[in-house]
Amino acid sequence: MFSIGLTGGIGSGKSKVADWLAEWGATVIDTDRIAHELTAPGGAAIEPLRASFGPEAIGADGALDRDWMRARVFADPAARRRLEAVLHPMIDRSVRDQAARAQGRYLVFVVPLLVESGRWRDRVDRVCVVDCDPETQVSRVRARSGLTRDTIERIMSAQASRADRLAAADDVIVNDDSTDLDTLRQSVFQLHRAWCDRASRPADGRTTHG
């Protein structure tokens with residue numbers, strides 16, 4: 001099935017884009033949502049994470065303590081690798097299972113760290129980046145999550161740079177501070193129509209909308 005790798009930095013708006021694509025008939029597989037399910041109370045990753053990091057990694061509600069884990073993986077690359085060693089194989093299995101059952105007009109893999117992973121370029125037909133300036137990213141994430149600027153900037157520093165994401169993109173959706181919701185929706189719909197048209201044949205070149 002024709003496939004899109006959808007990515008963007010934290011606060012770029014890729015989840016909103018993915019929701020619209022699903023509404024219009026694409027099969028959306030969101031790796032971040034899979035990770036949240038795996039690390040929710042009773043999730044398949046909870047016991048392996050407890051074994052790898054100790055009981056303090058799990059909150060009183062039985063879910064992964066994200067604040068605790070975030071502090072560890074940003075400070076210690078070895079801790080990040082241990083976390084990835086637990087989660088990535090589970091996420092990959094879930095992605096492959098969902099893709100095998102897909103019935104939509106085309107597949108959309110939402111992968112926040114698509115560029116960083118180096119593993120996705122050959123798995124999708126096109127890479128689409130939701131692009132946003134860094135200051136807008138910070139303000140959006142602060143508004144929705146209450147994280148401090150320092151924490152958000154540390155998260156952003158662990159992600160690919162804006163230039164690196166754009167260099168990897170076949171398609172770009174602009175969603176900066178000047179982009180209103182209607183304009184964003186129209187930009188996404190234009191790409192959706194193009195992807196539907198191209199779903200049964202190779203597609204080359206780069207298209208920018210926004």
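Every number in this text was worked out from the coordinates using simple rules, so none of it is lab data. Keep in mind that this is a model prediction, so the values were computed, not measured. Virtual Cβ from ideal backbone geometry, glycine too; neighbours counted across all protein chains shown.
Key figures
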read-out: Fully extended contour minus Cα-Cα distance, from ALA40 to TRP24, at 0.36 nm per residue; value: 2.9 nm
read-out: Alpha-carbon radius of gyration plus Dmax, which is the widest Cα pair, for segment 57-170 in Å; value: 16.1, 44
read-out: Ordering of 132-140, 10-18 by packing [mean C-beta count within 10 Å, highest first]; value: 10-18, 132-140
read-out: Distant-in-sequence amide H partners of VAL130 (H built 1.01 Å from N, under 5 Å); value: THR7, GLY8, ILE173
read-out: Normalised convex hull volume, segment 1-115, alpha-carbon set, Å³ per residue; value: 115 Å³
read-out: Of all DSSP beta bridges in the chain, antiparallel share, percent nearest 5; value: 5 percent
read-out: Linear extension gain, ARG123 paired with ALA100, 0.36 nm per residue minus alpha-carbon span; value: 6.9 nm
read-out: Qualifying trypsin sites (Lys or Arg not before Pro) for segment 20-108 [loop in DSSP, other Cβ within 10 Å: at most 11]; value: ARG101
read-out: Sequence-distant residues sharing a close amide H with ALA160 (under 5 Å, placed H); value: GLU116
read-out: The chain - Debye-derived log10 I(q)/I(0), Cα point model, q = 0.10, 0.16 Å⁻¹; value: -0.45, -1.14
read-out: Amide H within-cut-off set for ILE58, under 5 Å, with H built and near neighbours excluded; value: ASP65
read-out: Table column - 3J(HN,Hα) (Hz), segment 23-35, Karplus curve with 6.51, -1.76, 1.60, x for Gly and Pro; value: 4, 8, x, 7, 8, 9, 10, 9, 5, 5, 5, 4, 4
read-out: In order through segment 60-67: 3J(HN,Hα) via Karplus (6.51 cos²θ - 1.76 cosθ + 1.60), integer Hz, x for Gly, Pro; value: 4, 7, x, 9, 4, 7, 5, 5
read-out: Those residues of segment 18-60 whose amide nitrogen sits under 13 Å from the label point placed on ASP92, 7 Å along Cα→Cβ; value: none
